[in-house]
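All remarks here apply to the structure that follows.
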Amino acid sequence: MILPTYVIVIAIIKCKEKYLIGKRAAHKQFAPNEWELISGFIDSKESAEDIILREIKEETQLSGKILKEGLPFTIADEEARWIVVPFRVVVSSNKAMVNVKDHSELMWVTKRELTEYTDLRIFLTELVKQGLL
């Protein structure tokens, strides 16, 4: 069976010494109720950089600045093959607001705590390898 392929951007959002993760809303088509880094589909003619900054604003009400871009990498799960374009982003405030269309919860965690979220593990090895974490 051939899985569909999607291209997404993800943000490793850091404020002080913590990283922002979100629990996907129960009604989401892909990975409902799973923890994720803030992300979005590349499904328009915007640049990946513009898409990730817009997604951060829409999903958290935070404004960010891209510090580093990573190399695209591919992961696969039972739903699809994902081409992931990662960015490390800094924000000046930790006052994130949940957009219930996207998430049921947002949480700031330490780098060590990130590994405790099994939903994130598929990304973490590659992000550490690329120096984004």
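The values are calculated or read from the model by the stated rules, or taken from the named source; none is laboratory data. Computed from a predicted structure; not experimentally measured. Cβ: placed from backbone, ideal geometry, glycine included. Neighbour counts: every protein chain shown.
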Seminar exercise, completed: Matching residues in the range 69-85 (closer than 15 Å to L133 by Cα, more than 14 Å from the chain's Cα centre (by Cα) and surrounded by 13 or more Cβ atoms within 10 Å (Cβ to Cβ)) number 0
Exercise. Got a sec? Which of L71, L62 is in a loop (DSSP other than H, G, I, E, B), within 17 Å of F123 (Cα to Cα) and modelled with pLDDT of 95 or more?
Worked result: L71
Problem set entry | Filtered residues of the range 23-35 (kept if charged (D, E, K, R) and not in a loop (DSSP other than H, G, I, E, B)) | K23, R24
Seminar exercise, completed: Within the range 113-133, residues polar (S, T, N, Q) and either assigned to a loop (DSSP other than H, G, I, E, B) or closer than 17 Å to P72 by Cα (or both) come out as T115, T125, Q130
Exercise. Inside the range 35-55, can you point out the residues that are under 9 Å from the mean Cα position of the chain (by Cα) and within 14 Å of V98 (Cβ to Cβ)?
Worked result: E36, I38
For this session: Answer yes or no as to whether A11 is closer than 24 Å to R121 by Cβ, at pLDDT below 95 and touching a Leu at 6+ places or on another chain (Cβ under 8 Å).
Result: no
Exercise. If you go through the range 36-48 one residue at a time, how many are under 17 Å from A80 (Cα atoms) and assigned to a strand (DSSP E or B)?
Worked result: 4
Seminar exercise, completed: Residue hits (the range 1-22; under 16 Å from I56 (Cβ atoms) and either within 13 Å of the chain's Cα centre (by Cα) or in a loop (DSSP other than H, G, I, E, B) (or both)) are I8, V9, I10, A11, I12, I13, K14, Y19, L20, I21, G22
Problem set entry | Residue count, the range 5-31 (criterion: touching a strand residue (DSSP E or B) at 6+ places or on another chain (Cβ under 7 Å) and surrounded by fewer than 12 Cβ atoms within 10 Å (Cβ to Cβ)) | 2
For this session: Spot the failing condition for F123; the list is (1) more than 12 Å from the chain's Cα centre (by Cα); (2) closer than 21 Å to F41 by Cβ, and only one is missed.
Result: (1)
Exercise. Exactly one of (1) in contact (Cβ under 8 Å) with a residue 60 or more places away in the chain; (2) surrounded by fewer than 14 Cβ atoms within 10 Å (Cβ to Cβ) is unmet by A96. Its number?
Worked result: (2)
Exercise. Would a scan of the range 102-112 turn up a residue that is assigned to a helix (DSSP H, G or I) and either at pLDDT below 95 or more than 26 Å from A26 (Cβ to Cβ) (or both)?
Worked result: yes
